[in-house]
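For reference, the structure discussed in these notes is given below.
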Amino acid sequence: MPGLKISVVVAVGVLAASSLMATSVSNADSTAATATFTAVADTYAHSESPSTNYGTITQLEVDNNPAKRTFLKFNVTGLTGQVSSAKLRIHTSPADDAASDAGGTIRAMSNTTWSETGVTWTNQPAVDGATLGTFGQVWPNSWYEVDVTSYVRGNGTFSIGIDSTSSNGVDYDSRESGPTAPQLVVTTDDGTPPPGDDPVLVGAGDIASDSSADEATAKLLDGIAGTVFTTGDNAYPDGSASNYADYYAPTWGRHKARTKPAPGNHDYIATGASGYYEYFGSAAGQAGKGYYSYDLGNWHVIALNSNISASVGSEQERWLRADLAASNKPCTVAYWHHPRFTSSADHGPSTAVGPLVQALYDFNAELIITGHNHQYERFAPMNPSGQLDTTRGIRHIVAGMGGVRHDGFSTIQPNSEERNNSDHGVLKLTLHDNSYTWQFVPVAGKTYNDSGTTNCH
């Protein structure tokens with residue numbers, strides 16, 4: 001697939017064999033569970049025996065001279081949270097008498113209906129999906145694993161093919177071999193903190209492209225429980241279905257099940273933001289509108305759409321005022337794409353979203369988060385005219401540091417308190433009962449940070 005970006009983590013070494021099981025693991029940030037699924041079908045096909053089926057033997061062969069290709073199938077069921085990690089583990093045969101210089105290339109497959117006892121070289125299913133990883137040198141009687149999180153994102157049936165360009169083949173144990181059968185180890189995060197902890201809202205905007213920074217920020221999400229937000233321009237260079245599949249899905253898409261998105265202008269380069277609405281489905285609100293709300297603890301959270309009319313009396317502005325009037329939560333945060341206030345040299349302040357800011361101010365909202373400008377900027381609480389207001393003012397944060405290249409700053413606007421345009425990261429909000437804590441979390445290797453706590457009005 002053109003432009004496809006692959007994130008591969010290959011851990012090679014001897015691992016202890018484990019049987020099918022599900023265990024819970026807790027930490028300070030999340031509630032997680034790990035389940036190990038054994039293959040429900042596996043076989044290989046042999047080019048020199050094109051009509052022979054090898055579905056019931058204890059070994060799976062991978063080679064290029066003669067060509068031999070292995071097929072694995074897993075049924076993943078019972079997951080209740082967002083997949084944070086999925087790893088394929090396979091075990092080399094103890095009967096091999098030497099190492100192989102190439103353990104094979106692991107690829108996803110679209111065909112999940114093939115039969116273990118029906119596959120031959122002649123009728124083998126196509127190995128037609130993305131490359132998930134490559135094993136280099138492998139040794140006999142050892143476990144090897146590869147990260148397949150970009151493929152296994154939830155419950156379902158998954159097929160994986162393994163082939164090689166090397167004539168120095170390798171044999172793996174099949175499911176008929178018992179405890180060393182192929183395994184798929186899946187870890188999930190239920191997206192909620194442990195009991196007694198405050199809810200977390202975490203995210204950024206201007207995210208996924210052919211760079212590597214989006215994977216770096218996605219790794220931050222891997223370790224932060226809570227609800228994920230986006231402030232638009234989720235996929236570049238436009239929000240087409242292919243760019244969502246190539247760039248967003250393998251990175252931030254790992255957290256799709258707990259994501260509450262907002263669209264950006266790049267999403268709307270695709271007619272009607274069709275790729276955006278198709279990818280996120282009902283999580284993005286009604287297609288064509290894209291505004292909606294939800295509650296987290298004591299907070300009312302509102303996702304708005306700055307790519308459609310936000311004028312006074314517009315459908316969106318009237319909906320927002322009705323939604324705010326109906327909320328019984330003491331604290332409110334809203335997010336969308338175009339910032340009302342910014343010091344960016346690339347895109348100036350948007351007056352078009354002023355009526356949204358005014359409505360939120362009228363109902364005593366605490367915080368507005370936007371993107372569009374590829375940087376981080378935090379403002380002091382202000383009224384809708386941009387004047388300092390320590391009594392009822394709304395704090396504005398531009399969080400456009402999700403993964404694409406950074407923008408510069410120009411004239412620094414009044415009440416701009418903190419800025420950064422060198423580090424990618426995510427904005428983590430901890431939503432207390434009557435206050436919130438903000439924190440800029442930088443990607444690995446960076447040290448910039450900004451944090452603080454503010455009471456609700």
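Quick check, is THR120 over 30 Å from PRO250 (Cα atoms), of a type in the set (Ser, Thr, Tyr), touching a residue at least 60 places away in the same chain (Cβ under 8 Å) and surrounded by 14 or more Cβ atoms within 10 Å (Cβ to Cβ)? Yes; evaluated as a whole, the condition is true for this residue.
When residues in region 318-374 are screened for being more than 19 Å from ALA284 (Cα to Cα), of a type in the set (A, V, I, L, M) and open to solvent by less than 10 Å² (accessible area, probe 1.4 Å), 6 of them pass. The set of residues in region 386-402 being out of contact with any strand residue (DSSP E or B) (no Cβ under 6 Å at 6 or more places or on another chain) and crowded, with 20+ Cβ neighbours inside 10 Å consists of GLY400 alone.
Across region 273-291, what is the number of residues that are more than 15 Å from ASN234 (Cβ to Cβ), at pLDDT 95 or above and not charged (D, E, K, R)?
So the answer is 1.
A quick yes/no check of all residues on (1) within 21 Å of the chain's Cα centre (by Cα); (2) assigned to a helix (DSSP H, G or I); (3) among the basic types (Lys, Arg):
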residue	(1), (2), (3)
ASP246	yes, yes, no
GLY264	yes, no, no
ALA273	yes, yes, no
GLN286	no, no, no
GLY290	yes, no, no
ALA310	no, no, no
ARG321	no, yes, yes
VAL333	no, no, no
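For beta carbons closer than 7 Å, sequence separation of 6+ or different chains, a first residue in region 92-110 that is farther than 17 Å from VAL152 by Cβ and a second that is in a loop (DSSP other than H, G, I, E, B) and among the hydrophobic types (A, V, I, L, M, F, W, C), the qualifying pairs are THR92/TRP139; ALA99/TRP139. Looking at ALA86, is it in contact (Cβ under 8 Å) with a residue 24 or more places away in the chain, buried (at least 19 other Cβ atoms within 10 Å of the Cβ) and part of a loop (DSSP other than H, G, I, E, B)? Against the criterion (in contact (Cβ under 8 Å) with a residue 24 or more places away in the chain, buried (at least 19 other Cβ atoms within 10 Å of the Cβ) and part of a loop (DSSP other than H, G, I, E, B)), ALA86 does not qualify.
Conditions (1) among the small types (Gly, Ala, Ser); (2) in contact with a Phe, Trp or Tyr (Cβ under 8 Å, 6 or more places away or on another chain), marked per residue:
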position: ALA213; (1), (2): yes, no
position: ALA235; (1), (2): yes, yes
position: SER274; (1), (2): yes, no
position: PHE280; (1), (2): no, no
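Taking (1) open to solvent by 20 Å² or more (accessible area, probe 1.4 Å); (2) over 21 Å from TYR376 (Cβ atoms); (3) at pLDDT 90 or above; (4) aliphatic (A, V, I, L, M) in turn, ALA270 satisfies each apart from (1). Among the residues here, ARG405 does not qualify as under 34 Å from the mean Cα position of the chain (by Cα), modelled with pLDDT of 95 or more and open to solvent by 10 Å² or more (accessible area, probe 1.4 Å).
Within region 201-235, the set of residues being in contact with a Ser or Thr (Cβ under 7 Å, 6 or more places away or on another chain), at pLDDT 90 or above and open to solvent by 20 Å² or more (accessible area, probe 1.4 Å) comprises just one member, GLU215. Evaluating ASP346 against the criteria (1) out of contact with any strand residue (DSSP E or B) (no Cβ under 6 Å at 6 or more places or on another chain); (2) part of a loop (DSSP other than H, G, I, E, B); (3) closer than 21 Å to ILE302 by Cβ leaves one unmet condition, (3).
Residues of region 408-433 that are open to solvent by 50 Å² or more (accessible area, probe 1.4 Å), not in a strand (DSSP E or B) and not acidic (Asp, Glu): SER410, THR411, ILE412, GLN413, PRO414, ASN421, SER422. Taking region 383-442 as the range and being closer than 20 Å to ALA334 by Cα and among the aromatic types (Phe, Trp, Tyr) as the test, the residues that pass are TYR436, TRP438, PHE440.
Just the residues that are part of a loop (DSSP other than H, G, I, E, B) and closer than 18 Å to GLU61 by Cβ, please, taken from region 137-173.
Start the filter on region 137-173 by keeping residues that are part of a loop (DSSP other than H, G, I, E, B), which leaves 137, 139-142, 148-155, 164-169.
Of everything in region 137-173, those that are part of a loop (DSSP other than H, G, I, E, B) and closer than 18 Å to GLU61 by Cβ turn out to be GLN137, TRP139, PRO140, ASN141, SER142, SER164, THR165, SER166, SER167, ASN168, GLY169.
Consider LYS289 carefully, then state whether it is open to solvent by 20 Å² or more (accessible area, probe 1.4 Å), farther than 24 Å from ASN155 by Cβ and basic (Lys, Arg). Answer is yes for this residue.
The values are calculated or read from the model by the stated rules, or taken from the named source; none is laboratory data. Since this is a predicted model, take the numbers as computed values, not measurements. Counting neighbours? That spans all protein chains shown, and the Cβs are built from the backbone with ideal geometry, glycine included. Note: accessible area is taken over every heavy atom of the protein model, side chains too, but ligands, DNA and RNA are not part of it. Shrake-Rupley method; radii C 1.70, N 1.55, O 1.52, S 1.80 Å.
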